1. When the range B:98-124 is examined, which residues are found to be crowded, with 17+ Cβ neighbours inside 10 Å and more than 13 Å from every other protein chain (Cβ to nearest Cβ)?
2. Is it fair to say residue B:55 is within 12 Å of another protein chain (Cβ to nearest Cβ), more than 25 Å from residue B:141 (Cα to Cα), in contact with a Leu (Cβ under 9 Å, 6 or more places away or on another chain) and of a type outside the set (Asp, Glu)?
3. Looking only at the range A:103-115, which residues are more than 17 Å from residue A:37 (Cα to Cα) and either in a strand (DSSP E or B) or not basic (Lys, Arg) (or both)?
4. If we keep just the residues of the range B:13-28 that are within 11 Å of chain A (Cβ to nearest Cβ) and of a type in the set (A, V, I, L, M, F, W, C), which is surrounded by the most Cβ atoms within 10 Å (Cβ to Cβ)?
5. Could you please let me know if residue A:54 is in a helix (DSSP H, G or I), basic (Lys, Arg) and without any contact (Cβ under 8 Å) to a residue 12 or more places away in the chain?
6. For the range B:104-149, which residues satisfy the criterion of being small (Gly, Ala, Ser) and at pLDDT 95 or above?
7. So residue B:9 ticks every box in (1) polar (S, T, N, Q); (2) in a loop (DSSP other than H, G, I, E, B); (3) within 7 Å of chain A (Cβ to nearest Cβ) but one. Which box is left unticked?
8. Given the conditions (1) away from chain A (no Cβ under 12 Å); (2) outside any helix (DSSP H, G or I); (3) touching a residue at least 24 places away in the same chain (Cβ under 8 Å), and given that residue B:41 satisfies all but one, which numbered condition is not satisfied?
Protein chains: 2
Amino acid sequence: MIVQKYGGTSVANAVRIKRVCRRIAETIRAGHQVVAVVSAMGHTTDRLIELAGRVSGDPPLRELDMLVANGETITAPLVAMCLQDQGLPAISLTGPQAGVRTSDHHSKARIKEIRPTRVLEALERGLVPVVAGFQGATEDFEITTLGRGGSDTTAVALAAALGAEVCEIYTDVDGILTADPRVVPSARLLHHIAYEEILELAAVGARVMHPRAVEIGELYGVRIHVRSSFHKRPGTMIVSAVPMEDRNRVRGVATELGVAKLTVLGVPDRPGVAAAIFEPLSGAGISVDVIVQNVSTHGHTDLTFTVNEAEASKSLKLVEPVAEEVGAGGVSHAGSLAKVSLVGTGMLGTPGIAARMFRTLAESGINIEMISTSEIRITCIVKREHAEPAARALHAAFQLDQVPATAPA
Amino acid sequence: MIVQKYGGTSVANAVRIKRVCRRIAETIRAGHQVVAVVSAMGHTTDRLIELAGRVSGDPPLRELDMLVANGETITAPLVAMCLQDQGLPAISLTGPQAGVRTSDHHSKARIKEIRPTRVLEALERGLVPVVAGFQGATEDFEITTLGRGGSDTTAVALAAALGAEVCEIYTDVDGILTADPRVVPSARLLHHIAYEEILELAAVGARVMHPRAVEIGELYGVRIHVRSSFHKRPGTMIVSAVPMEDRNRVRGVATELGVAKLTVLGVPDRPGVAAAIFEPLSGAGISVDVIVQNVSTHGHTDLTFTVNEAEASKSLKLVEPVAEEVGAGGVSHAGSLAKVSLVGTGMLGTPGIAARMFRTLAESGINIEMISTSEIRITCIVKREHAEPAARALHAAFQLDQVPATAPA
């Protein structure tokens, strides 16, 4: 059994819906059972949200969920009737009908449980179930949506509940590449990637699949295949252990533009100060990214963090009064920055990778503004104009364009 | 408690939705409880059906229902959030959430029962329930739609289930007039009309409200107020007994263009022949309207009936072989006809109305092709070009432009 998820671009119009249906038909003729999960067509969701904005200054989330859920419940019956037209008996199911039970956090509900009785019933009757992604219902039959990446989450959770062999995520890219091909032309497709690696890649800007869906996949051991809906070549398989032939300690380079940094200077080194600085930002819904604080000297330290450039001036206004309150020396800020990251499982266990990264950047004349690392990622903040040369230099230095030397022929 | 139903034109865009919400607010401030029932915005339903046609040659009705039900579930949350924006707490409910249980005849389901638990619950909590019209669910949670006039039906049935004081149907006309004002400029608004009168008017072309909704209204004694959503003047109240002041035996003149007649000549007068002629038409979904058969002479008779002009040639092709089979003399046909009808309760009990109708037409030089009558209607089939002069002549002859003489000041 295969769960196939088709995103908004793949079902954007009638011609594309027909192509999706031909692919489902081919998979079935190849001997598989298929459960399809579909997103809203093209920009439907955006258009519904825009409509809401025209009748309400601040639409209640419960009503917004009722509204945007229609995006997916439009696609699902269209796909089901198109499959029938191609000779494949099919049945569309809303998220609630497919048994997707969620929490009551409207607009960002979490899946609590999937009771796929009707999905299994449909399969038994020889029908292809076409499930509306992104949506579910609470125990009280209130309609909810799952927030960003919701349809991916539906697909992976459904694959887990059904014990499907694989969950195929159809998208408009070939899979996960070693870098953004618009930045690094020699970027290469990765045939396998570990759950945690894709989580780091997604977090630093290589957005192909939503982290929530990957987390569920990891938790329940669902094999996820990210592939293109425009051709039949295999894409990237997300698995728990990357096979030997793909083992290159550095798996990819990720770049993210539009970064700004704020530095709170001369922060008194006592408990609670960092919390005092970040709480107003989180209260305003501003997501703080890389945070760096050095060891303090003489009881004072500098605290630097990055935010999305669009939120820089709002952040500054929130942080300045707090800085004064806690007795800091002031706040400095700089925009037009970018993040460049190397990602790979067990990378930090390998000596010399960080050093080689810094050396490569230095040799390209690129200054590093900030450094931040995790178990499987090294991130450097550089000037915006250095981001792309940096990515290209790193991609070449770590030979990411080449299939690892240990790979069989 | 008032149930207010707003049709597709009344909620066609954000500006109109805001106006609808202001009206709901005014009704509530005047001391009423309001339950709103809404249709799909403007041409949404047509656009969804068109989309279906692009992916499927013959969309299964179950999937078509899943698809078009989105029209109303888009409007309901928009109206609810707009009400909230105007300071009125509100909650949208899908048909199934509002407790509309239907038969499983997809695309033309009948309401079996309404269990308005959630509607009452919302009212108790001080919320305005905004119910998506036109849709319901079977006992198995399959989504159904109610077919033509479905939102009117939802509103009237809900008013019956809630024991509402009145069901207001907001539309783009002022109410029920004595004639089509485009044909008869002196047409006058009727303040009251009987259920059965509006049923006859609707059947002969004065389409304001769907007959199904009127039937439910009559069955459960729901007072229905058909009125304009563009101004605040009262429209027409549909009631079981028209008050004295409105008692004019002839209530209105209805015209319908685009009529064709077929005559099967020399039909042998034996049981089963009429059935043999009409069964293939009904099988092809062709609605036959006026049927006239005269007494037979010498064991043969002529059978004449009317169909919509657009279906005339298809009808002819279906009837000709049957006519030959049953040994009829042949089939003749004529198009470019129209129906002109007088409607009014107890009209036939009043001597001379039919005679005066025929005399009026004769004096206008209008030839009558066919005559058909019911308890409360007299219909003449005339040539298309005579329809409008006929309507004007009859409207004047029966003094429909004048408030009946018995009316109080």
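The values are calculated or read from the model by the stated rules, or taken from the named source; none is laboratory data. Everything numeric here is computed off the predicted structure, so don't read it as measured data. Backbone-built Cβ (ideal geometry, glycine too); neighbour counts: all protein chains shown.
1. Within the range B:98-124, B:100, B:101, B:102, B:109, B:111, B:114, B:116, B:119, B:123 qualify.
2. So residue B:55 fits the description; yes.
3. A:103, A:104, A:105, A:106, A:107, A:109, A:112
4. Filtering the range B:13-28 for residues that are within 11 Å of chain A (Cβ to nearest Cβ) and of a type in the set (A, V, I, L, M, F, W, C), the one surrounded by the most Cβ atoms within 10 Å (Cβ to Cβ) comes out as B:21.
5. Here the answer is yes, as residue A:54 does meet what is asked.
6. B:122, B:126, B:132, B:133, B:136, B:137
7. It is condition (3) that residue B:9 fails.
8. Failing condition for residue B:41: (1).
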